[in-house]
Amino acid sequence: MKIKFICHKLVVGHGGIETVLVEVANYLSRFFDVSIVLVNMPHDKQWLSKFSKDVTVVLPKYQNKLYLIFYLLRLTLTTDKNDKMVVLGVNLVKAISLLKHVLLKKFTIFSWVHFSLVNQDMFDPHNLVWADYHLAISSAIKQQMISLGIPEKKIFLVLNPISRRPLISSLMSESSTKHLHLLYVGRTLFKGHKNLKELFDNVASLGKMVTLDIFGSSSKDELAQCMNYTKRLGIAKQVTWHGWTENPMDQLTNWPFALVMTSVFEGLPMAMLEAMSRGIPVITTRFEGYDSVLKEEINGFSYTSGDIQGFRNAITKLQQHSLPPQQVSESIAEYNYFKRLKTVLERY
């Protein structure tokens with residue numbers, strides 16, 4: 001059986017989606033003929049070297065709409081009835097499904113979406129109904145699919161893979177209740193999806209005894225907007241900008257008190273899971289589906305987006321509860337999923 005992963009244009013070379021894709025493709029290549037098909041040339045090609053030699057990587061020669069149609073047409077024509085297409089882009093699901101029907105092909109299309117279907121303007125979620133089956137990375141996304149009219153029997157909750165990491169000996173100390181070292185990992189977007197403006201407002205509300213490490217990249221304009229805002233708030237000296245860094249949590253010299261997230265929406269938040277795998281608790285906004293990962297008083301605390309006092313209360317609760325790293329790490333044991341994913345792809 002051949003499995004082809006069709007990647008949307010936001011797969012650019014670094015980030016949570018790419019990390020998951022490498023782990024999944026390398027695992028499945030031990031059993032199947034696996035291909036990674038990109039519809040655009042990634043900014044960072046270095047990540048492609050992380051795929052196993054048994055994984056075939058297909059890149060487009062040109063970057064225009066006419067060529068993309070030909071590219072997808074050829075891809076569809078060369079896919080046999082027993083093959084599986086796992087499509088990461090919602091709009092691509094509809095395009096490939098239309099080509100499949102026009103060309104009278106019989107292969108199976110799985111959607112594998114890594115973004116929330118609501119509170120976003122990147123795609124029309126109704127295009128998902130064109131897929132034969134769906135791999136849901138969180139219970140929230142599964143419910144969103146059901147609300148679109150997709151039968152539950154066609155949706156498989158597979159979550160995402162999380163590698164277990166070495167734990168730290170202790171997160172809390174007497175000094176950590178006085179000085180707070182916070183961590184953010186993700187794209188540096190001032191508003192919208194990641195909503196870093198709120199994060200900076202929250203940090204400013206805590207006073208001078210807090211530092212924030214930011215790992216992530218974005219456009220120069222976005223980064224400049226974020227940096228200028230920290231200057232306006234008077235917290236610029238408390239924020240360290242690391243840019244995009246591979247395995248950022250392995251680069252920390254001082255262990256953080258907590259990972260902080262101010263997202264408006266997420267699919268399955270990989271930064272949250274990566275932190276928890278190391279025993280780092282999380283303080284997050286209550287975006288839809290956050291509670292599929294975060295368990296109050298076990299691996300972190302949540303607050304309502306825009307509620308600065310709610311954020312401060314979450315910090316206080318974490319200081320008081322001192323969540324054990326082992327407990328935080330064990331709380332995400334259910335995300336070990338490779339066998340479950342393999343079974344779904346074989347059976348349907």
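Where a number appears in this text, it was derived from the coordinates with a stated rule and is not lab data. From a predicted model like this one, the values you see are computed outputs, not experimental measurements. Note: ideal-geometry Cβ built from the backbone for every residue, glycine included; neighbour counts use all protein chains shown.
Peptide packing for 19-25, 239-245 was compared via the average number of neighbouring C-beta atoms within 10 Å per residue; ordered from the highest value, the list is 19-25, 239-245. Within the stretch 217-316, the GluC sites (Glu not before Pro) that combine a DSSP coil assignment with at most 16 other C-beta atoms in a 10 angstrom radius are 246, 297.
I need to check one value: relative contact order of the chain, counting alpha carbon pairs closer than 8 Å and at least 6 residues apart, in percent.
On the way: 642 pairs, mean separation 50.9, N = 348.
For the chain, the relative contact order is 15 percent.
Note on the chain: helix-only mean residue ellipticity at 222 nm, from DSSP H runs of 4+ residues weighted -39500 (n - 2.57) and normalised by residue number, equals -9500 deg cm²/dmol. Taking each of 53/84; 105/191; 53/342 in turn, the alpha-carbon distance tops 31 angstrom for 105/191. Mean sequence separation of contacting Cα pairs (under 8 Å, at least six apart), scaled by the length of the stretch 175-330, corresponds to a relative contact order of 23 percent. Gain on full extension, evaluated as 0.36 nm per residue between residue 70 and residue 236 minus their Cα-Cα distance, stands at 54.8 nm.
Classify the stretch 175-330 from the C-alpha gyration tensor, please: rounded if a/c falls under 1.5, else prolate or oblate depending on whether a/b exceeds b/c. Walk me through the intermediate numbers first.
Working: a/c = 1.37, a/b = 1.28, b/c = 1.07.
Rounded shape, in that the Cα axes give a/c under 1.5.
Order these peptides, 96-102, 249-255, 117-123, by their mean beta-carbon neighbour count within 10 angstrom, highest first.
Numbers: 96-102: 16.4, 249-255: 13.0, 117-123: 14.6.
Output ranking for 96-102, 249-255, 117-123: 96-102, 117-123, 249-255.
Against the main long axis of the alpha-carbon atoms of the chain, helix 16-28 sits at an angle near 50°.
In terms of the Cα gyration tensor, with a ≥ b ≥ c the square roots of its eigenvalues, is the chain rounded because a/c is under 1.5, prolate because a/b exceeds b/c, or oblate? Prolate, because a/c is 1.5 or more and a/b exceeds b/c. Subtracting the Cα-Cα distance of residue 124 and residue 30 from their residue separation scaled by 0.36 nm leaves 30.4 nm. Taking the longest Cα principal axis of the chain as reference, the axis of helix 196-205 is set at about 10 degrees. Rounded to the nearest 10 degrees, the inclination of helix 338-347 to the longest alpha-carbon principal axis of the chain is 20 degrees. Residue separation of residue 298 and residue 102 scaled by 0.36 nm, minus their Cα-Cα distance, works out to 65.4 nm of gained length.
Overall form of the stretch 1-150: rounded. Here a/c, set by the Cα gyration tensor axes a ≥ b ≥ c, is under 1.5.
Note on residue 245 and residue 205: their simple-model spin labels are 2.7 nm apart, each label 7 Å out from Cα toward Cβ.
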